[in-house]
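Please treat every number below as a calculation from the coordinates, not as lab data. Small disclaimer: the values here were computed from a predicted structure and weren't measured. Here the Cβ is made from the backbone with ideal geometry for all residues, glycine too, and neighbour counts use every protein chain on show.
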Amino acid sequence: MLASRASELLLDADATAPIEAASLKTLAQAKLADAIKFMRANNMPDGVAAVRELIDFCETVAAFLTSNGKAAGDLDAAVASLFGGVTGDLKQSEVLSTYRGLLLHFLEDLKVDEAEAATLARLQTILGLSEAESSSVYTAAAGPLFRAALAGAVESAEYGDAQKAAIEQSKTDLALPASVTLSISMEIYGGKLKGFVGDDKKVLDEAQSAELEKMRAFLALEMEQVQPLHETVCGPAYSDSVKQVMSTSGGAIPDEYWEGLATLRERLCLTEDAAKAIFATEVQAKMREFGAKAVKALQEKLEGGQQQEDKDGSMNIAAGASFSTELINLVDFAVASKAIVTEDGKTVGIGANLRGEFSETALREMYKNYLIEAFSDADATTKARIFDTLGKLSLVLGLSDGEITSIHNEVGGMIYRQYVGKALVKGPLGKDDVTFLASIKDTLGMEQALCDELVRDQQQLRVSILVDSMFEKDQVLAEDVRKMRDTADLYKIDLIEDVQVSSVKLERFFKVELTAMLVEGDDLAGGLEELCESLHVTEERATTLLSELVQQRCSGGVLQAAADMRGGSTDSAVDQLKTVLKYAAVLEDVTAQCSVSAAERSELYTLFQASQLSGGSDPAERESQLETLRSVMGLAGVPA
């Protein structure tokens with residue numbers, strides 16, 4: 001009935017392509033279902049016959065449609081287009097069993113010829129199997145046959161030309177993919193290798209190594225293909241040998257031991273990189289022991305005395321000797337074990353370091369405190385040894401260049417701040433100071449810009465300290481203000497932008513210095529301009545402050561003069577009035593605003609006038625002073 005239906009469709013030249021294709025695919029699915037039904041019932045002969053009928057049907061229909069132009073492309077393309085993936089809702093396991101059934105039928109004579117291979121490829125297309133799926137089925141079916149043939153040849157240990165030719169023929173007959181035969185060959189080879197090594201990880205002897213070499217040639221295996229297997233199987237034996245060498249030599253490995261390890265590496269078929277990696281693992285384990293001691297010593301060091309400044313401000317690092325010794329021992333071991341070597345004049349590591357063995361914080365702290373020891377009170381020999389081993393220690397600890405730079409900048413910054421801070425108390429940095437700081441910069445590889453910034457920070461801090469110290473005293477003194485301003489000017493420090501001094505404090509400084517200038521009789525014309533610029537006081541504000549100060553000082557002076565006069569201290573009263581005149585000379589029309597009566601003001605004026613007559617002063621100057629005093633006292637209408 002199905003064949004009849006197919007004939008009708010093939011002869012129906014007017015049928016549309018979509019209806020024709022769908023109907024044909026339905027017929028193919030029915031044939032596939034028949035094949036699966038037979039195989040499910042373990043009726044392999046009828047199942048295989050049904051599969052062949054399915055393939056013939058698909059090829060016949062595709063050929064016919066191709067010949068009359070109903071299908072595009074060649075036969076392969078037509079089969080794929082019309083019948084590719086006809087499985088429908090069938091279980092994938094049943095689809096795979098269909099492919100496996102035909103394959104096992106072909107393998108009954110232990111080979112798959114060219115025609116059979118083509119038939120299997122056609123079925124793969126019809127069933128819509130991927131290369132991976134068909135390869136997996138093929139390997140599962142044909143692989144054991146090839147494995148048995150290969151295992152028999154290896155078991156006999158006869159690796160002659162006849163045996164090799166037989167194996168090659170088996171490959172051809174079974175038509176296994178090269179990847180499958182390689183995998184099986186590697187499996188057989190691996191079994192032999194593991195048998196030699198055993199569970200106790202024995203070292204291959206020379207006879208075993210020679211047999212494996214013959215076996216590789218027989219199986220056409222390249223050294224590069226089996227080396228990963230050797231690393232897995234023989235690596236532990238090589239590792240044990242490295243441990244033995246290290247234990248007998250105390251870490252320092254003599255050249256003859258290295259020669260022995262090199263010979264062993266070749267016998268075990270390990271690459272140089274693999275051997276180095278194994279060696280690095282063992283060295284790293286030993287390094288971990290030294291590192292643990294160093295970490296313990298560092299903890300004791302930090303607990304016994306944190307980094308601090310002693311009485312004279314110098315760096316005080318306590319309990320550092322033991323810590324330094326442990327790290328020096330660690331570096332010495334790394335050098336002796338050749339975990340650190342010199343290549344082309346450059347010191348490099350072989351990959352063994354403590355990165356991952358301890359926290360990154362611990363690694364950084366070890367390096368940092370080791371570096372600090374070089375700048376502490378250690379003797380010259382110890383300092384030189386520390387500086388000589390710093391580069392090697394960074395390799396042992398596994399620190400990156402960026403981490404090293406960061407630590408150097410941190411320690412260098414600490415030294416700069418301490419040294420410059422102390423030096424600036426005495427004054428600007430001298431030639432010796434600059435030379436010392438340059439040596440620190442060069443030793444630690446610090447950038448000049450960073451060093452300049454550190455000095456600048458300390459200069460700003462020095463000015464800030466001078467500002468704060470004035471308010472710790474009973475009063476702000478003019479000499480302290482001048483010292484602070486001179487320091488800021490010397491280092492080009494802006495009191496607002498760099499030190500963030502408040503406007504309230506700046507005006508306080510202004511009034512203190514202005515008062516001193518008035519008392520000392522300094523020229524206000526030039527000094528006031530400089531003072532305003534330095535203390536960020538505007539001209540308008542300076543005028544206001546000056547007026548307030550003169551008014552305050554004049555009023556207070558007249559009040560004090562009146563009190564002195566009442567108490568009979570006429571000389572003191574006259575001196576107070578002289579001071580008042582100094583202030584009043586700065587501004588015009590200053591009148592004392594205080595609780596002194598007009599009568600007392602007139603009396604004070606008379607007292608001062610009398611003192612001037614007896615003093616023998618210049619008449620013009622005397623008249624000017626009396627005129628100013630009359631104005632201050634509010635006695636402008638009183639005759640001279």
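To the nearest 0.05, how large is the calculated FRET efficiency for residue 77 and residue 56 if R₀ is 30 Å and r is the Cβ-Cβ distance?
Approximately 0.95, to the nearest 0.05.
Picking from 284, 387, 330, whose Cα lies most toward the positive end of the charge dipole for segment 271-399 (charges on Cβ: Lys, Arg +1; Asp, Glu -1)?
284
Assign unit charges at the C-beta atoms only (+1 for Lys and Arg, -1 for Asp and Glu), then state the dipole size of segment 143-232 relative to its Cα centre in Debye, rounded to the nearest 20.
Details: 9 positive and 15 negative charges, 43 e Å.
Value, rounded to 20: 200 debye.
Place the peptides 464-475, 411-422, 208-219 in order of packing, highest mean first, counting for every residue the other Cβ atoms within 10 Å and averaging per peptide.
Put in order of decreasing packing, that is 411-422, 208-219, 464-475.
For the chain, build the charge dipole from Cβ charges (+1 Lys, Arg; -1 Asp, Glu) around the Cα centre, then report which of 570, 71, 129 sits farthest towards its positive end.
So the residue we want is 129.
Let me see the P(r) profile for segment 46-142: every Cα-Cα distance counted, bins of 10 Å, each bin given as a percent of all pairs.
P(r) over segment 46-142, rounded to whole percents: 15, 48, 30, 7, 0.
What is the ratio of the Cα radius of gyration of segment 548-633 to 2.2 N^0.38 Å, with N the residue count, to two decimals? Don't skip to the end; give the middle numbers.
Details: Rg = 11.7 Å, N = 86, 2.2 N^0.38 = 12.0 Å.
Normalised Rg, Cα atoms only: 0.98.
Quick one: which residues, 5 or more positions from residue 635 or on another chain, have an amide H under 5 Å from its amide H? H modelled 1.01 Å from N in the peptide plane, none for Pro or chain starts.
none
Just going by the charge dipole of the chain, with Lys and Arg at +1 and Asp and Glu at -1 on Cβ, which of 398, 262, 531 is farthest out on the positive end?
262
Highest mean first, how do 436-447, 576-587, 151-162 rank when packing is the count of other Cβ atoms within 10 Å averaged over residues? Could the numbers behind the result be given before it?
Working: 436-447: 15.6, 576-587: 19.9, 151-162: 13.3.
Highest mean packing first, the order is 576-587, 436-447, 151-162.
Rank these for me by crowding, 480, 46, going from fewest to most other beta carbons within 10 Å. Don't skip to the end; give the middle numbers.
Details: 480 17, 46 14.
Sorted ascending by nearby Cβ count, the order is 46, 480.
Could you tell me the convex hull volume per residue, in Å³, taken over the Cα atoms of segment 52-101?
Values: hull volume 3.6 nm³, N = 50.
Taking the convex hull of the Cα positions in segment 52-101, it is 73 Å³ per residue.
Mind putting a number on the dipole of segment 271-399 about its Cα centre? Charges go on the C-beta only, +1 for Lys and Arg and -1 for Asp and Glu, and I need it in Debye to the nearest 20. Present the calculation step by step, with values, prior to reporting the outcome.
Numbers: 15 positive and 20 negative charges, 44 e Å.
The dipole magnitude comes to about 220 debye.
What's the Kirkwood radius of segment 345-409 in Å, using all Cα pairs? Show your work: numbers first, answer last.
Working: mean 1/r = 0.0807 Å⁻¹.
Answer for segment 345-409: a Kirkwood hydrodynamic radius of 12.4 Å.
For the chain, give the magnitude of the charge dipole about the Cα centre (Cβ charges: +1 Lys/Arg, -1 Asp/Glu; no others), in debye to the nearest 20.
Details: 61 positive and 102 negative charges, 274 e Å.
Computed charge dipole of the chain: roughly 1320 debye.
Ignoring everything except DSSP H segments at least 4 long, calculate the 222 nm mean residue ellipticity for the chain; use -39,500 (n - 2.57) per segment, divide by total residues, nearest 500. Can you show the working numbers first?
On the way: 26 runs with 473 residues, N = 640.
Only helices count here, giving -25000 deg cm²/dmol.
Through the Karplus equation 6.51 cos²θ - 1.76 cosθ + 1.60, θ set to phi - 60°, convert the phi angles of segment 42-58 into ³J(HN,Hα) values in whole Hz; use x for Gly and Pro.
Result, ordered by residue: 6, 9, 5, x, 5, x, 5, 4, 5, 5, 4, 4, 4, 5, 4, 4, 5 Hz.
Please give the FRET efficiency for residue 387 paired with residue 494, using the beta carbon to beta carbon distance and R0 = 30 Å, rounded to the nearest 0.05.
0.15
Return 230, 105 ranked ascending by Cβ neighbour count within 10 Å, so the fewest neighbours appear first.
The most exposed by this proxy come first: 105, 230.
Please rank 591, 544, fewest neighbouring Cβ atoms within 10 Å first, as an exposure proxy. Walk me through the numbers on the way to the answer.
Values: 591 16, 544 12.
The order, fewest Cβ neighbours first, is 544, 591.
Need one number: nm distance between label points at residue 414 and residue 344, each 7 Å from Cα along Cα→Cβ, rounded to one decimal.
Each label point is offset 7 Å from its Cα along the Cβ direction, giving 3.6 nm.
When the C-alpha atoms of segment 163-222 are aligned to their principal axes, what extent does each axis show, in angstrom, from largest down?
On the principal axes, segment 163-222 reaches 39, 19, 17 Å in Cα extent.
Where a Cα-Cα gap under 25 Å defines reach, which lysines qualify for residue 70, not counting those fewer than 8 residues away within the same chain?
Straight-distance partners of residue 70: 25, 31.
Rg and Dmax in Å for segment 378-419, alpha carbons only: what are they?
When restricted to the Cα atoms of segment 378-419, Rg and Dmax are 11.9, 31 Å.
Could you sort out which of 293/392; 243/293; 473/505; 194/214; 171/201; 243/296 sit more than 22 Å apart by Cα distance in this structure? Spell out each step's value before the answer.
Numbers: 293/392 18 Å; 243/293 20 Å; 473/505 14 Å; 194/214 16 Å; 171/201 34 Å; 243/296 25 Å.
Cα-Cα > 22 Å for 171/201; 243/296; rest within.
Let me make sure I get this right: for segment 348-505, a, b and c are the square roots of the gyration tensor eigenvalues over alpha carbons, sorted descending. Under 1.5 in a/c it's rounded, otherwise prolate if a/b > b/c, else oblate. Which is it?
Details: a/c = 3.02, a/b = 2.43, b/c = 1.24.
Judged from the Cα gyration tensor, segment 348-505 comes out prolate (a/c at least 1.5, a/b above b/c).
Sorted from largest to smallest, which semi-axis lengths in Å does the alpha carbon gyration tensor of the chain give for its equivalent ellipsoid, taking the root of 5 times each eigenvalue?
Values: eigenvalues 2212, 372, 55 Å².
For the chain, the ellipsoid semi-axes come out as 105, 43, 17 Å.
Rounded, prolate or oblate for segment 106-260? Axes are the square roots of the Cα gyration tensor eigenvalues, ordered a ≥ b ≥ c, and the cut-off for rounded is a/c under 1.5. Please report the intermediate quantities before stating the final value.
Values: a/c = 3.71, a/b = 2.35, b/c = 1.58.
Prolate, because a/c is 1.5 or more and a/b exceeds b/c.
Bin width 10 Å, origin at 0, all Cα-Cα pairs of segment 412-537: what percent of pairs per bin?
Calculated over all Cα pairs of segment 412-537, the distribution is 12, 39, 27, 16, 6, 0 percent.
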